[in-house]
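Accompanying notes for the structure given below.
Coordinate-derived values only; no laboratory data. These numbers were taken from a predicted model, which means no experiment stands behind them. Don't worry about glycine lacking a Cβ; one is built from the backbone with ideal geometry, like all the others, and counts go over all protein chains shown.
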Number of protein chains: 2
Amino acid sequence: MPADAADRSDPATGSTTGTGPLAILAGAGELPKVIADEVARTGRPIFAVEVDGETDCDLSAYPRTRLPIGAAGRLKTVLMEHGCRDVLMAGSFRRPRFSEIEWNMGTVRALSSIMRLKVGGDDAVVNGVVHIFESEGFRIVGPREVVPRLVAPQGTIGRLRPGKKARSDIALGLSAIGRMGPLDIGQAVIVLAGRIVAVEAAEGTDSMIARCAQLRDNGRIAAPPPSGVLVKAMKPGQELRLDMPVVGLDTVRGAAAAGLEGIAIEAGKVLLPRIEEVGAAADDAGLFIVGVDLGDRTGRPE
Amino acid sequence: MPADAADRSDPATGSTTGTGPLAILAGAGELPKVIADEVARTGRPIFAVEVDGETDCDLSAYPRTRLPIGAAGRLKTVLMEHGCRDVLMAGSFRRPRFSEIEWNMGTVRALSSIMRLKVGGDDAVVNGVVHIFESEGFRIVGPREVVPRLVAPQGTIGRLRPGKKARSDIALGLSAIGRMGPLDIGQAVIVLAGRIVAVEAAEGTDSMIARCAQLRDNGRIAAPPPSGVLVKAMKPGQELRLDMPVVGLDTVRGAAAAGLEGIAIEAGKVLLPRIEEVGAAADDAGLFIVGVDLGDRTGRPE
């Protein structure tokens with residue numbers, strides 16, 4: 001390890017995998033701050049990269065810079081200047097338009113990955129991002145590695161438990177997510193009385209949940225609330241370092257507003273950034289929230 | 001054949017399968033009227049059943065009655081009184097609430113089917129409806145049998161043709177619909193540049209298309225319009241007599257408003273009630289619309 005990198009690393013985080021400050025590329029939402037605060041609590045320094053038009057949480061407590069989306073060349077330079085080898089992406093990012101991508105980071109190796117960003121689903125984007133960073137000598141780290149305390153545990157998280165019918169709907173939802181994984185869709189579904197009433201594709205989980213309220217209003221869901229279960233899990237082969245499913249307070253509030261009965265998430269594979277508050281919010285709303293261990297499913301190797 | 005039934009049947013429709021007036025149970029939308037007019041043009045008498053809160057087209061040209069949804073007992077009586085053996089359901093129906101179902105039509109045979117309506121997906125509802133009618137001696141007929149001219153043909157329907165990328169997206173969409181069929185979802189999807197951006201579940205095709213406009217507004221779809229293809233096909237094993245996919249003028253207008261590039265439908269399996277107007281509307285909007293023959297796929301036996 002070069003002396004200058006060692007000088008910048010914190011002695012409290014002397015693991016072989018965590019040298020130097022952790023770079024956090026901050027997308028939209030509060031997740032970048034929640035993760036930064038949790039990592040900082042362990043003593044590891046943070047370097048925050050705010051992205052124009054994306055980052056909307058307050059990272060002023062940390063050394064930071066701000067870049068436009070797609071500024072790959074400047075990103076590489078600034079990460080190297082700050083001694084960052086480990087990079088964590090948190091929050092949501094829109095896809096950069098082709099014209100926004102700076103071409104000076106990319107080498108011929110990375111070019112093929114960048115091209116793939118234009119033609120594939122989420123999984124293809126994620127593959128491309130990992131490949132670009134790794135081809136430049138960085139290491140993408142995931143929430144499970146640096147903030148394991150924020151990952152969904154197995155079992156009920158609030159006070160309420162799913163009943164027999166809800167457990168049957170949860171099983172159907174998990175099975176559907178598994179079946180749709182190769183299509184790169186269906187990270188979350190809503191199941192009601194043995195029927196899949198909503199499937200998430202590009203719209204995001206919160207938008208899909210909001211749709212259920214409309215389905216009740218227009219009679220396409222006739223069952224009175226509370227009914228219906230949000231099921232959210234890893235897609236088979238999902239890259240959990242870059243693209244981990246998240247359930248937060250907004251999810252619980254949205255589910256309550258849509259008249260759902262509860263939320264089931266895959267234990268160990270879904271990020272639950274404010275677990276105590278999420279459990280309390282579920283209790284207040286009369287929703288169950290439960291982590292289900294599907295043990296034999298694996299994400300990509302980390 | 002009893003003399004009274006023969007008296008009511010029209011000599012012009014003397015096929016072995018079409019005796020007596022065709023009963024049309026009219027759900028929402030213009031489809032019941034379009035089908036009634038087309039059938040009447042062939043000389044077969046129509047008896048229209050308007051459903052409270054559902055029927056919204058003008059069927060005043062035909063002998064008709066009006067019933068609340070779920071009035072199975074009265075429906076049986078009125079169909080028998082009018083000599084109807086063949087029943088066609090057209091337009092969209094909400095699911096009746098349990099409390100709305102009249103129990104005097106059902107026998108023990110039908111009860112199990114009615115119960116199934118409460119717990120399954122669309123396919124289960126459709127199975128139940130067919131079983132109930134058939135157990136009472138009626139025959140459910142589908143649009144392909146009585147109005148074959150309104151079924152999507154193979155090939156381009158307007159002037160425009162899909163390009164190479166669009167054809168690749170169409171293939172992905174058709175494959176996805178096939179894969180999701182066992183889940184009783186995904187009668188239609190929207191595919192853009194190799195990515196499935198929307199999947200239809202309970203919300204209906206028009207609502208799914210409208211969602212794409214929002215996805216463009218909020219940046220989740222970055223590609224500028226026109227781009228993206230609506231793909232609509234039969235789900236594997238779909239009951240085409242009762243639950244045939246439909247593409248109409250609203251679909252074309254919605255697709256244009258959402259900035260899509262075109263529409264692909266499965267030839268022979270999708271109802272296209274106003275084909276000339278649909279083709280002209282697609283031309284005006286600059287959309288392609290194409291029927292794709294997937295030959296080896298079969299619906300349920302009719």
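What the table shows:
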{"item": "Within 10 Å of each Cβ in A:283-291, the average number of Cβ atoms from other chains", "result": "0"}
{"item": "Residues B:Met234, B:Met180, sorted so that the one with the fewest Cβ neighbours within 10 Å comes first", "result": "B:Met234, B:Met180"}
{"item": "Averaged over A:200-208, number of beta-carbon atoms from partner chains that fall within 10 Å", "result": "6"}
{"item": "Likely footprinting exposure, A:Phe138, B:Phe133, fewest C-beta neighbours within 10 Å first", "result": "A:Phe138, B:Phe133"}
{"item": "Residue-averaged beta-carbon neighbours from other chains (10 angstrom radius) around A:209-217", "result": "2"}
{"item": "Area projected by the alpha carbon convex hull of the stretch B:146-196, averaged over all directions, nm²", "result": "4.9"}
{"item": "Length-normalised contact order of the stretch B:151-292 in % [C-alpha pairs under 8 Å, at least 6 apart]", "result": "35"}
{"item": "Separation between Cα centres of the stretch A:240-290 and the stretch B:157-209, rounded to whole Å", "result": "30"}
{"item": "Phi-based couplings in Hz for the stretch A:253-263 (Karplus 6.51, -1.76, 1.60; Gly and Pro marked x)", "result": "5, x, 5, 5, 5, 7, x, 6, 9, x, 9"}
{"item": "Rounded to whole Hz, the Karplus (6.51, -1.76, 1.60) HN-Hα couplings of the stretch B:267-279, x for glycine and proline", "result": "4, x, 10, 10, 7, 10, x, 10, 4, 5, 5, 5, x"}
{"item": "FRET efficiency, A:Ala213 to A:Glu276 (Cβ-Cβ, R0 22 Å, nearest 0.05)", "result": "0.25"}
{"item": "Listed pairs A:Lys235/B:Lys235; A:Lys33/A:Lys165; A:Lys164/A:Lys235; A:Lys165/A:Lys269; A:Lys165/B:Lys33; A:Lys269/B:Lys232 exceeding 31 Å between Cα atoms", "result": "A:Lys33/A:Lys165; A:Lys165/B:Lys33; A:Lys269/B:Lys232"}
{"item": "Mean Cβ neighbour count within 10 Å, used as a protection proxy, ranking B:149-155, A:152-158, B:24-30 highest first", "result": "B:24-30, A:152-158, B:149-155"}
{"item": "In order through the stretch B:131-143: 3J(HN,Hα) via Karplus (6.51 cos²θ - 1.76 cosθ + 1.60), integer Hz, x for Gly, Pro", "result": "5, 4, 5, 5, 5, 9, x, 8, 10, 7, 10, x, x"}
{"item": "Exposure proxy ranking, count of Cβ atoms within 10 Å, fewest first, for B:Cys212, B:Cys57", "result": "B:Cys57, B:Cys212"}
